[in-house]
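These notes concern the structure reproduced below.
The values are calculated or read from the model by the stated rules, or taken from the named source; none is laboratory data. What you see is a predicted model; the values in this text were computed from it and never measured. Note that we place each Cβ from the backbone using ideal geometry, even for glycine, and neighbour counts take in every protein chain shown. Protein only, heavy atoms only, side chains kept; ligands, DNA and RNA dropped before computing areas. Shrake-Rupley method; radii C 1.70, N 1.55, O 1.52, S 1.80 Å.
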Amino acid sequence: MKHPPFLNENDLVAIVSPAGKIDAIYIEKAHKYLKTKNLRVILSPFADDSYFQFASSDDNRVSDMQIMLNNPEVKAIWCTRGGYGTMRIINKIDFSILEKFPKWLIGFSDITVFHSILSNNHFVSIHGSMCINLSNDDYSNSGMDTLWELLFGKVPVYKISPHPLNRKGSANATLIGGNLSLLTSLLGSKQDFNPKGKILFIEDTGEYLYRLDRMMQSLKNSGKLAGLSGMIVGQMSEMKDNETPFGLTPYQIVADAVSEYTFPVMYDFPAGHSKPNEPLILGSQVKIDVLDDCSQLRWVFD
């Protein structure tokens with residue numbers, strides 16, 4: 001896997017809006033926040049534009065991403081928010097320029113589309129907080145500071161409390177994944193993920209329980225689950241049920257779908273659409289240990 005260099009003070013960070021539109025106040029907050037990290041900031045031309053629910057037109061959002069990917073001075077691209085929109089532009093962006101100008105791409109939710117294609121092409125990226133997550137001035141329990149510490153080279157080792165549904169075991173493999181809804185929408189496409197020997201991270205928000213089950217069954221029926229070496233289940237926040245109950249909790253739905261396999265499964269990892277949203281380096285080698293007293297995740301660099 002191709003790891004960009006970690007950041008140094010005075011490096012240039014680009015703010016880009018490849019999906020939904022965002023209130024300019026969050027871009028202002030992001031600019032001020034990055035200044036506290038002694039980083040220079042460049043705003044893509046259409047980052048604070050709007051086109052109905054999108055940040056700008058498809059062509060403009062493609063242009064913004066490509067400009068910043070092509071800029072050799074830019075060391076990281078920070079997405080302002082998710083929402084919807086990356087699926088419309090993914091095939092128009094040339095990520096191969098990262099071979100020449102490596103840089104970090106940071107975001108989650110709809111940004112999963114980018115993470116998937118980067119992992120498929122042996123680039124790493126970061127599933128982590130975005131500009132829209134700067135909703136207040138207290139970032140002590142948000143994962144925001146951990147994200148930028150990671151980008152400066154302070155790579156965390158995560159130890160989390162045991163969960164009753166955990167399946168014990170260890171795995172050492174490439175970490176892939178992101179938002180479950182986006183991952184299932186990519187099935188059969190060029191951006192579809194290759195599960196063989198990988199550790200899959202999933203999270204989601206605002207879905208009906210039956211839809212969550214349908215997505216998990218889609219992964220199972222397509223053979224994606226059978227090839228995994230491990231799974232990390234993040235936050236399943238604000239899930240909804242019908243008037244007639246589905247009968248299982250979100251984590252029980254996942255557990256049911258993976259019940260016939262033997263790979264280790266870690267539940268309740270603190271990443272997703274709730275706080276804290278701890279950063280994960282996708283496309284990179286990790287070691288997970290799911291034990292009786294805790295679960296641990298650490299990165300394994302060459």
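Give the number of residues within region 245-302 that are part of a strand (DSSP E or B), buried (at least 22 other Cβ atoms within 10 Å of the Cβ) and out of contact with any Phe, Trp or Tyr (no Cβ under 7 Å at 6 or more places or on another chain).
6
Identify, from the list R88, R81, the residue that is open to solvent by 10 Å² or more (accessible area, probe 1.4 Å), closer than 19 Å to L34 by Cα, touching a helix residue (DSSP H, G or I) at 6+ places or on another chain (Cβ under 6 Å) and at pLDDT 95 or above.
Unique residue meeting the criteria: R81.
Yes/no per residue for (1) surrounded by fewer than 20 Cβ atoms within 10 Å (Cβ to Cβ); (2) in contact with a strand residue (DSSP E or B) (Cβ under 6 Å, 6 or more places away or on another chain):
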site: F46; (1), (2): no, no
site: I67; (1), (2): yes, no
site: P72; (1), (2): yes, no
site: A76; (1), (2): no, yes
site: F101; (1), (2): yes, no
site: G107; (1), (2): no, yes
site: V113; (1), (2): no, no
site: S119; (1), (2): no, yes
site: F123; (1), (2): no, yes
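Hey, among the residues in region 146-176 that are surrounded by fewer than 16 Cβ atoms within 10 Å (Cβ to Cβ) and not in a loop (DSSP other than H, G, I, E, B), which one's farthest from the chain's Cα centre (by Cα)?
Restricting to residues being surrounded by fewer than 16 Cβ atoms within 10 Å (Cβ to Cβ) and not in a loop (DSSP other than H, G, I, E, B), the top hit is S170.
Which ones in region 87-136 are without any contact (Cβ under 8 Å) to a residue 60 or more places away in the chain and either among the acidic types (D, E) or farther than 18 Å from I22 by Cβ (or both)?
K92, I93, D94, F95, S96, I97, K100, F101, N121
Taking only pairs six or more apart or across chains, which ones have beta-carbon atoms under 7 Å, a first residue in region 182-202 that is part of a loop (DSSP other than H, G, I, E, B), and a second residue that is among the acidic types (D, E)?
Every condition considered, the pairs that remain are L186/D192.
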